[in-house]
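The values are calculated or read from the model by the stated rules, or taken from the named source; none is laboratory data. Owing to the predicted nature of the structure, the values given are computational and were not obtained by experimental measurement. Cβ coordinates were reconstructed from backbone atoms using ideal geometry, including for glycine residues, and neighbour counts include every protein chain displayed. Only protein heavy atoms, including side chains, enter the accessible area calculation; ligands, DNA and RNA are left aside. Shrake-Rupley method; radii C 1.70, N 1.55, O 1.52, S 1.80 Å.
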Amino acid sequence: MTFLTQRLARRQTASSWLVLMLAASAFALGLGSAPSRASNQEYRKGSLEIEHPYATPTAPGQPHGALFIREIKNRGTTADQLIGGRVSIAKSVEVHQMIMDNNVMKMREIPGIEVPAKGKVSMKQGSKEGYHLMLMNLNAPLKEGDRLKATLIFKQAGELEVDVIVEKSHHGHGHRH
């Protein structure tokens, strides 16, 4: 080997080593692992994809709030069910559904929200399904721009922590209980 060939071989080995070290560091920091958060306001847990969880502002003195999710997709072959949640600013979280009964809108607590295999469910405000999570006995009013952590509890997939942003109503009027 000539002097120039030897020098190029050493430089190539050094740069390969540097790339390998950077990749190993990224993996060790978790940058190369499969994230539970797909992108801003999207989360994954197993075969479930949760898109854009949000809450709506409450009026001063209003004891309860509502948490909505634009969509939950199930890419798996087994159905799952959203059965509850936790939020530090509320004493409890209940799964609810709004239904029309003799031209009267009624809200009721339900045991869970079915997410069918290879299917999806909408939990956005104003959706025909009427699903949402009630944040019971809030410690403080929810104000537009507030951010909070919530834990969603699924029957099969288990628990998933999500970031919730308090946003103006997506349905033209606030969710009042």
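Residue by residue, here is whether (1) at pLDDT 95 or above; (2) surrounded by 14 or more Cβ atoms within 10 Å (Cβ to Cβ) holds:
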site: GLY145; (1), (2): yes, no
site: ILE153; (1), (2): yes, yes
site: VAL166; (1), (2): yes, yes
site: SER169; (1), (2): no, yes
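For region 80-116, which positions are open to solvent by 40 Å² or more (accessible area, probe 1.4 Å), modelled with pLDDT of 95 or more and more than 27 Å from PRO57 (Cα to Cα)?
PRO116
Any residue in region 135-147 that's more than 23 Å from VAL95 (Cβ to Cβ): show its pairings with residues that are in a loop (DSSP other than H, G, I, E, B) and at pLDDT 95 or above at Cβ separation under 8 Å, as long as the two are six or more apart or on different chains.
LYS143/PRO57; GLU144/PRO57; GLU144/GLU167
Assuming SER127 fulfils every condition listed in (1) part of a loop (DSSP other than H, G, I, E, B); (2) modelled with pLDDT of 95 or more; (3) of a type in the set (Gly, Ala, Ser); (4) open to solvent by less than 30 Å² (accessible area, probe 1.4 Å) apart from one, which condition is it?
If we test SER127 against (1) part of a loop (DSSP other than H, G, I, E, B); (2) modelled with pLDDT of 95 or more; (3) of a type in the set (Gly, Ala, Ser); (4) open to solvent by less than 30 Å² (accessible area, probe 1.4 Å), just (2) comes out false.
In this structure, does ALA66 turn out to be touching a Pro at 6+ places or on another chain (Cβ under 7 Å), open to solvent by less than 90 Å² (accessible area, probe 1.4 Å), among the small types (Gly, Ala, Ser) and under 25 Å from LEU48 (Cα atoms)?
No, not satisfied.
Show the residue pairs that are 6+ apart or on different chains and have beta-carbon atoms under 9 Å apart, the first residue being within region 73-85 and in a loop (DSSP other than H, G, I, E, B), the second being among the acidic types (Asp, Glu) and at pLDDT 95 or above.
From region 73-85, the pairs are ARG75/GLU49; ALA79/GLU114.
Tally the residues that are surrounded by 22 or more Cβ atoms within 10 Å (Cβ to Cβ) and aliphatic (A, V, I, L, M), restricting the search to region 49-63.
Counting residues in region 49-63 that are surrounded by 22 or more Cβ atoms within 10 Å (Cβ to Cβ) and aliphatic (A, V, I, L, M) gives 2.
Using the structure shown, decide if GLY158 is within 28 Å of GLY46 (Cβ to Cβ) and without any contact (Cβ under 8 Å) to a residue 60 or more places away in the chain.
no
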